[in-house]
1. Return the calculated 222 nm mean residue ellipticity for the chain, to the nearest 500 deg cm²/dmol, obtained by summing -39500 (n - 2.57) across DSSP H runs with n ≥ 4 and dividing by the residue count.
2. Starting from the Cα of residue 60, move 7 Å in the Cα-to-Cβ direction to define the label point; list residues of the range 75-102 whose amide nitrogen is under 19 Å from there.
3. Return P(r) of the range 4-45 (all Cα-Cα pairs; 5 Å bins starting at 0; whole %; ordered from short to long distances).
4. Using θ = phi - 60° and the Karplus relation 6.51 cos²θ - 1.76 cosθ + 1.60, list the HN-Hα couplings for the range 99-109 in order, rounded to whole Hz, with x at every Gly or Pro.
5. Karplus couplings for the range 164-180 from phi (6.51 cos²θ - 1.76 cosθ + 1.60, θ = phi - 60°), rounded to Hz, Gly and Pro as x?
6. Nearest 5 percent is fine: what portion of the DSSP beta bridges confined to the range 1-120 is antiparallel?
7. Can you give me the Cα centroid spacing of the range 45-124 and the range 243-265 in angstrom?
8. Measure off 7 Å from each Cα along the Cα-to-Cβ vector at residue 27 and residue 98, then give the distance between these two points in nanometres to one decimal.
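Taken together, the values in this text are just the output of simple stated rules run on the coordinates, not laboratory data. Note that this is a predicted model, so its numbers are computed, not measured. Heads up, the Cβs are rebuilt from the backbone with ideal geometry, glycines too, and the neighbour counts pull from every protein chain shown.
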Amino acid sequence: MSSTIQGVWLPVVTPFVGGEVDLEGYALLLEHYLGLGVSGIFPLGTTGESPTIDDDEMMALVEATLAVVDGRVPVFVGVGGNSTAKVVKTLRALERYAFPGIVSVCPYYNRPSQDGLRQHFTRMAEATDRQILIYNIPYRTAVNLDNDTLLALAELPNIVGVKDSSGNLAQSLDLLRRRPKDFAVMTGDDASFFTMLAHGADGGILAAAHLRTAEFVAVHQRMAANDHHGARAIWAGLEGLVPLLFREANPMPIKYCLWRQGLIRSLECRLPLTKISPALAGELDRLTAVQTARQAGIQARAAE
């Protein structure tokens, strides 16, 4: 695998206040997560509401990300779409910025064949020297990048890995068995994080890691140290949280939690996303209260 593509990467949310990107709040958010030990930052993913971000905002977010991160961890920018020519144009527009790679989702809605997917990512690889992580998430794109196609693309020198959200554990495990030595597999299926690590995945690009970040990081660290029992014990405390964060459209539940914690000034998303239901908000509040009380008890016992 690539030595830099491992651990817990954060597909960071984009905070908005009054309909505008809150760049000041975004910078504070990045510092917060860098302090918690994330291994990479992924701005302008779908968790960052990239479909609603215009070109000027995209450039401003890239500049802000690079200024804050300042080389401390890799930055892979989300650059994807269902028009190959437009994606290539965006890649060229970003050439003036120094960051190592991109994450690019499979073209959505127009349902290309495997040959179309192969040609799409080949054109991208030919248009940039940056590293490319392919993002396969069929339940959102309506097309699955099969392992034969992905492994053919892995022969291109700058296609270095995948954010695997195939939703098919058999496919994911087959990929782990067959991948080339330096090809990174990062799960994007948050609920499968522990399972995928146990089978040799390199880490995860996890929206859920906006919450209880240090524990997600600790799961990876324990697994890397072959402490599977220790990792499983930590993961057991996270399993109840992950499904709640995806019960309604991401990133609405995550933004609600971040707002409740005071990490962002507003819980707003851009239309067509709105906000979570009162029922889900109540569940998230109750779970957070229980976890806060449990953590306080642990800290009190440690101090005795």
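1. Values: 13 runs with 140 residues, N = 304.
The helix-only estimate for the chain comes to -14000 deg cm²/dmol at 222 nm.
2. Residues 78, 94, 97 fall inside that zone.
3. Taking all Cα pairs of the range 4-45, the binned fractions are 5, 23, 29, 22, 12, 6, 2, 0 percent.
4. Whole-Hz 3J(HN,Hα) from phi for the range 99-109: 8, x, x, 10, 10, 10, 6, 4, x, 9, 6.
5. The phi angles translate into 9, 10, 5, x, 10, 4, 4, 5, 5, 5, 4, 5, 4, 6, 9, 5, x Hz.
6. Numbers: 2 of 8 bridges.
Bridges in the range 1-120 are about 25 percent antiparallel.
7. 24 Å
8. That separation, rounded to one decimal, is 1.9 nm.
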